[in-house]
Amino acid sequence: MKEFIAFIAAIIAALIFTAIFGAIIAVISTVIASWGLATYSVGGVLHTSGNIINIFLSFYVGYKVYKRITRVKVNQAEE
Amino acid sequence: MKKIKTLLISFSIILALSIGGAFYFNSLGEKLGPQVLDDCFWICNGLGDGCPSDELEYKACYEKNEEICVLCKVDKGQKALLAEAKQEKYYNYMYSLIWVSFTSGVIILISFISYLSIKYSFIRTIGAVSVLWTIAALTSNLVYSISTFFIFIAPVLFFWLFRFIRFGPIRMFKDG
């Protein structure tokens, strides 16, 4: 049950992180393209690659949240 | 603590002076408005206004008005150019002062948060700032979609997410 709650919390944290980081990446890629550092088509590629990184990062954040919750629960059980 | 108080007081004075200065230069620039800059506007714009409908008479009237317009431009052109240059100078001062007031406002905000953090509690201050920040984001005109809302509250959410991962659900709300 504890693991299940931790898993749900991890999914929520990962989703929130993805939403925020995705929006930031969209802004950054558009800004880079508008500065003329890249064409708009390259800006699209930047956006796509940013989203791929975003997916991995959100998995990492979700994993860290899961570990943190389960670790706290284990510590409490030990006490 | 003394340094923060000094920062707060000195930048408050700078903020007040820069806002006052910006209003002052704005009013000076506004005084050099369209009346001064476009003295010949109504004469030159309504060249055919009030002229008779007869074609020949209309032509003569139009040409006469055109002459008056050219004379007006020659007469007032130099003055208008000077007024325009002056207005631009005043507006440049105003924009610089707006930047100064914006920067000092940000410094005052940071100093004030630091002051509260040191005097009371860091985490409670940041908590209050987070709540205010979220309310400001919700009520702001700049937030027009869920994406912009997420961008606005990103610092707050990342901070609390970091605290949660680093310290756990209980210790994240405690100082030290």
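Rule-based calculations on the coordinates, nothing more; no lab input. Model, not experiment: these values are computed from the prediction. All Cβ positions, glycine included, derive from the backbone under ideal geometry; neighbour counts span all protein chains shown.
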Task: Flagged links, alpha-carbon separation over 24 Å, of B:Lys119/B:Lys174; B:Lys3/B:Lys174; B:Lys2/B:Lys174; B:Lys5/B:Lys89; A:Lys67/B:Lys119 - done: B:Lys3/B:Lys174; B:Lys2/B:Lys174; B:Lys5/B:Lys89; A:Lys67/B:Lys119
TODO: May I ask for the Kirkwood hydrodynamic radius of the range B:120-176, worked out over all distinct Cα pairs and given in angstroms to one decimal?
DONE: 12.2 Å
Task: Calculated P(r) of chain B - Cα pairs past 22 Å, % - done: 70 percent
TODO: Per residue of the range B:58-70, in order, report the coupling 6.51 cos²θ - 1.76 cosθ + 1.60 (Karplus, θ = phi - 60°) as ³J(HN,Hα) in whole Hz, putting x for Gly and Pro.
DONE: 4, 4, 4, 4, 4, 4, 5, 5, 5, 5, 4, 4, 5
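Using the C-alpha atoms of the range B:1-97, what convex hull volume per residue, in cubic angstrom, is computed?
Measuring per residue, one finds 82 Å³ for the Cα hull of the range B:1-97.
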Task: Within a Gaussian network of chain B (alpha carbon springs, distance under 10 Å), most fluctuating of B:Leu81, B:Leu161, B:Leu142 - done: B:Leu142
Task: Estimated inter-spin distance, B:Cys51 and B:Ile113, nm [label 7 Å along Cα→Cβ] - done: 6.6 nm
Task: Estimated FRET transfer efficiency (B:Cys44, B:Glu88; beta-carbon r; R0 22 Å; 0.05) - done: 0.50
Task: Nearest-0.05 FRET efficiency for A:Phe56 and B:Lys5, computed from C-beta distance (R0 51 Å) - done: 0.65
- [ ] Using just the alpha carbons, could you tell me how many Å³ per residue the convex hull of the protein assembly as shown encloses?
- [x] 227 Å³
Task: Shielding by other protein chains, A:19-29, mean Cβ within 10 Å - done: 4
Task: Peptide-level mean, for A:61-69, of C-beta atoms on other protein chains within 10 Å - done: 3
Task: Ellipticity estimate at 222 nm from DSSP helix runs (n ≥ 4, -39,500 (n - 2.57)) divided over the protein assembly as shown, nearest 500 - done: -31000 deg cm²/dmol
Task: Exercise: per-residue mean of other protein chain Cβ atoms within 10 Å, B:69-78 - done: 0
- [ ] List B:Ile110, B:Ile151, B:Ile135 from most exposed to least, where exposure is judged by having the fewest other Cβ atoms within 10 Å.
- [x] B:Ile135, B:Ile110, B:Ile151
Task: Proxy reagent accessibility, fewest Cβ within 10 Å first, across A:Thr18, B:Thr134 - done: B:Thr134, A:Thr18
Task: Modelled FRET efficiency - R0 51 Å, A:Glu3 with A:Ser34, Cβ distances, 0.05 increments - done: 0.65
TODO: In whole Hz, with x marking every Gly and Pro, tabulate ³J(HN,Hα) for the range B:118-124 from phi via Karplus 6.51 cos²θ - 1.76 cosθ + 1.60, θ = phi - 60°.
DONE: 6, 6, 10, 9, 4, 5, 5
Task: Built amide H within the under 5 Å cut-off of B:Cys40, gap 5+ - done: none
